[in-house]
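The values are calculated or read from the model by the stated rules, or taken from the named source; none is laboratory data. Everything numeric in this text was worked out from a predicted model, so none of it was measured. Cβ atoms come from the backbone with ideal geometry, glycine included; neighbour counts cover every protein chain shown.
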Amino acid sequence: MTPFKDGVVENTHPLNILPDGAEPQLDRIPLFEVYMRMAEELAKRSTCARLQVGTVVTDAQLENVLAIGYNGNAKGFPNQCDSTTPGACGCLHSEVNALVKAPGHIRDKVVFVTDSPCVMCAKLIVNSGTTHVFYRRQYRDTSGVELLKAADVTPVWYERWANEWR
Ligand SMILES: [Zn+2]
Ligand SMILES: [Zn+2]
């Protein structure tokens, strides 16, 4: 078995792969978990009545935040959903709000999002040049996650460290 730095086998990001024989480093919070928590804090800013979602986009080295987002109405519009109709609240999705600001020429992005993406956001993520998508909660409809896999973008359900280092 290949050892993974953060002890999460699903996390195949290059920064998480250790050389043969090396031990996982579980003595401090993984950077992946730090960015996931940033996404969780951003979600608190959302004014969507249905679901509050936050997103952080970083570069491949996890050194730079390229963009952030949370779901909600367009800038300058009322801080509320347009409608109470399920599935048609009118809010821009968190991933859209982040990726619209992320530089297109930077490839191998990493997306951290509190909830697994819908199909349309998954397609946007594919086109944005992202290699890995970390999410805390799996949305009941997993077709977005399946789409990512089909497009060779790695989804990682990241929950192992959710309650540590608090
Ligand atoms: Zn909404
Ligand atoms: Zn979406």
The condition from (1) surrounded by fewer than 17 Cβ atoms within 10 Å (Cβ to Cβ); (2) out of contact with any Cys (no Cβ under 6 Å at 6 or more places or on another chain) that residue 50 misses is numbered (2)
In region 88-110, residues that are under 14 Å from residue 45 (Cα atoms), hydrophobic (A, V, I, L, M, F, W, C) and part of a loop (DSSP other than H, G, I, E, B) total 1
Residue set 50, 37, 28; condition among the basic types (Lys, Arg) and within 16 Å of ligand 2 (Cβ to nearest atom); output residue 50
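Each row is one residue, and each column tells you yes or no for (1) under 14 Å from the mean Cα position of the chain (by Cα); (2) part of a loop (DSSP other than H, G, I, E, B); (3) more than 11 Å from ligand 2 (Cβ to nearest atom); (4) without any contact (Cβ under 8 Å) to a residue 24 or more places away in the chain.
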position: 121; (1), (2), (3), (4): yes, no, no, no
position: 126; (1), (2), (3), (4): yes, no, yes, no
position: 139; (1), (2), (3), (4): yes, yes, no, no
position: 148; (1), (2), (3), (4): yes, no, yes, no
position: 160; (1), (2), (3), (4): no, yes, yes, no
Scanning region 9-42 for residues that are modelled with pLDDT under 95 and β-branched (Val, Ile, Thr) gives 9, 17
Taking region 16-56 and keeping only residues that are of a type in the set (A, V, I, L, M) and within 30 Å of residue 81 (Cβ to Cβ), one is left with 36, 38, 39, 42, 43, 49, 51, 53, 56
Across (1) in contact with a strand residue (DSSP E or B) (Cβ under 6 Å, 6 or more places away or on another chain); (2) within 20 Å of residue 41 (Cβ to Cβ), residue 164 clears everything bar (1)
Here the qualifying pairs (Cβ atoms under 7 Å; residues six or more apart or on different chains; first in region 71-95 and within 10 Å of residue 50 (Cβ to Cβ) and touching a residue at least 40 places away in the same chain (Cβ under 8 Å); second part of a loop (DSSP other than H, G, I, E, B) and of a type in the set (D, E, K, R)) come out as 89/50; 89/82
Exercise. Can we say residue 55 is in contact (Cβ under 8 Å) with a residue 24 or more places away in the chain and β-branched (Val, Ile, Thr)?
Worked result: yes
Margin query: Just checking, does region 62-83 include any residue being within 15 Å of ligand 2 (Cβ to nearest atom) and among the β-branched types (Val, Ile, Thr)?
Written below: no
Filtering region 87-119 down to residues that are farther than 20 Å from residue 33 by Cα and within 16 Å of ligand 1 (Cβ to nearest atom) yields 87, 88, 89, 90, 91, 92, 93, 96, 97, 118
Do we find that residue 131 is closer than 22 Å to residue 61 by Cβ and surrounded by fewer than 20 Cβ atoms within 10 Å (Cβ to Cβ) in this structure? yes
